[in-house]
Amino acid sequence: MPKQISPFHSKDSKVYHIYGVCSSGKGVKKRVKGTGGRKLCKACKDIKAGKRTH
Ligand SMILES: [Zn+2]
């Protein structure tokens, strides 16, 4: 199970991430701390549910 990190998001994205291994989150160049009032990323949600590992 991947380790959860503190939430981060990108200014030009509508989602936030909670996993450093998230394939979508990895593409975020300028990470902004916090959820930013956004929705949890689909991949991160699946990682949390144990459906995928990255
Ligand atoms: Zn994510």
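Throughout, read-outs are computed from the coordinates displayed, never taken from laboratory work. Since the model is a prediction, treat every value here as computed from it, not as a measurement. Ideal geometry is used to build each Cβ from the backbone, glycine not excepted, and the neighbour counts take in all protein chains shown.
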In region 1-53, residue farthest from the chain's Cα centre (by Cα) [restricted to those that are part of a strand (DSSP E or B), buried (at least 19 other Cβ atoms within 10 Å of the Cβ) and of a type in the set (A, V, I, L, M)]: Val15
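Conditions tested, residue by residue: (1) on the phi < 0 side of the Ramachandran plot; (2) in contact with a helix residue (DSSP H, G or I) (Cβ under 7 Å, 6 or more places away or on another chain).
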| position | (1), (2) |
| --- | --- |
| Lys3 | yes, no |
| Val15 | yes, no |
| Tyr19 | yes, yes |
| Gly27 | yes, no |
| Arg31 | yes, no |
| Gly37 | no, no |
| Lys48 | yes, no |
For region 21-54, which residues satisfy the criterion of being among the charged types (D, E, K, R) and in contact with a strand residue (DSSP E or B) (Cβ under 8 Å, 6 or more places away or on another chain)? Arg31, Lys33, Arg38, Lys39, Lys42, Lys48
